[in-house]
1. Put a dot 7 Å past each Cα toward the Cβ at residue 139 and residue 323; how far apart are the dots in nm?
2. In nm, what is the difference between 0.36 nm times the number of residues separating residue 118 and residue 186 and their Cα-Cα distance?
3. Report the relative contact order of the chain, percent, no decimals, based on alpha-carbon pairs under 8 angstrom and at least 6 residues apart.
4. So how do 239, 293 line up by other beta-carbon neighbours within 10 Å, fewest first?
5. Calculate, in nm to one decimal, what residue 158 and residue 250 gain on full extension: separation in residues at 0.36 nm each, minus their alpha carbon distance.
6. Return the whole-Å distance between the Cα centroid of region 106-134 and the Cα centroid of region 349-390.
7. Before rounding to the nearest 500, sum -39500 (n - 2.57) across all DSSP H runs of length at least 4 in the chain and divide by the residue total; then give [θ] at 222 nm in deg cm²/dmol.
8. Taking a 23 Å limit on the Cα-Cα distance, which of the listed pairs 186/265; 26/60; 186/275; 217/275 fall beyond it?
Amino acid sequence: MERISVFDIFKIGIGPSSSHTMGPWKAAQRFVRELERDSEFDAVEAVVVELYGSLAKTGKGHGTDLAVLLGLDGHDPVTIPVEQVQMSLQHIIATQSLNLGGKKQIAFNPEHDLVFYYDQTLPYHANGLVFRAFLQNGAGVSQTYYSVGGGFVVKEGEENLASTVDCLFLSIVHRTSKRYCLDLEKPISEIVMQNELTWRTEEQVHKDLLSIFEVMKECIYIGCHTDGVLPGGLNVQRRAKAINHKLLGEHKYANAEEWFELIKKGSHDFRHILKWVSCFALAVNEENAAFSRVVTAPTNGAAGVIPAVLMHFVTFCPEYQSEADIVRFMLTAGELGSLFKKGATISAAMGGCQAEIGVSSAMAAGAFTECLGGSPGQVMMAAEIAMEHHLGMTCDPIGGLVQVPCIERNTMGAIKAITAAHIALESDPSKAKVSLDAVIRTMKETADDMSHKYKETADGGLAVQFSVGLVEC
């Protein structure tokens, strides 16, 4: 069983897709590091990259070409200034060259050296890519990687390898979800914190999770103050800024903190809160679609659900008392995400959108329930409810872009999470007919049975309806 940290589930990076942007970016970085490790880097004369399956079919709309090139060019998705993303890509295209690993100039023609195999899929996963380096002595080096969802990358031959970390709490957490909570009678966040102490001190866990929350909050703020049309050719108009302005009117503020304080002091009626939750989610995923910095939660396509629900908790709920509650929320959400990754998938290319919006909604529902005082059983019940009502959701991005229907789906996932939490808080988990473990198994079986057309290929659903002119826009 994989041993996954909450920091594996929540990762800072660049949009629009964790599987098609962040994963390939990390794979490119890893390929360069392995060339350096094996003392082959200095002898590299040329590089060719091959994209297969879903990475080929929706790669250009998802920025896979951008990610691979910037990763090879020595840029990191966590630290690259957002304004440099497109500039760096255009420089590579204009100069027909790469600064491999940021250290070595080589010729690279994206038209010929980045190959899309639209009709071929590698055996292990739908998101496969191959890097080939050609050396001065005529030899070559080839490595195959799979972007398996949520920014996770697996190298061919490592598919069944687990972490070698040895920790008592890891083995506890990786029992079935219901059993470990009932055995220990502790909040899920407390158990997960013990898990995290394998890698970090408790102080560092708090600091790092709050840093991730700050990225989420900044993303919401920027998205709520940026208008215009999203890139990619669909001419999708941003909406978060207009909603923000309508809700706040002419109130003045100088920064994000003042803005959030204004929201807190504003109306708390149902319609007002509903609009803010939707606005928060829209803001994040509009930023994601614009190749801006977001947090995978657990994916980029679903990056708006957890920030929206968490900000709803912080802004509108009296149960929120301090930053420690944010840490509890993220620890619980992270563990629920890891259960879905281990028991099913968080890759839309393997499981459709249930693997993205569905999982993020379940994560948010469970975390929100714990922070509102729910028991471990109620936490898992909330997560089950949220996923139960996303089962079978297809991934059918129009134009291969993470825009329609993806952006609005984040608002739906957030609202479903809040609803699921409140239902669970008023329920007795012992009387539930479906367990979280059962819904995870069901999700996996549904994913296995789902047609490939509905797994991030843009070959079915809304993507096809739009392309043949049956959907008005």
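1. 5.1
2. Result for the pair: 19.6 nm of gain on full extension.
3. The normalised contact order for the chain reaches 18 percent.
4. 239, 293
5. 27.5 nm
6. Here the two parts' Cα centres lie 35 Å apart.
7. One gets -15500 deg cm²/dmol as the mean residue ellipticity at 222 nm.
8. Listed pairs above 23 Å: 186/265; 186/275.
Computed from the coordinates by the stated procedures, all read-outs in this text should not be read as laboratory data. What you see is a predicted model; the values in this text were computed from it and never measured. Positions of Cβ are generated from backbone atoms using ideal geometry, with glycine treated the same way; all protein chains shown enter the neighbour counts.
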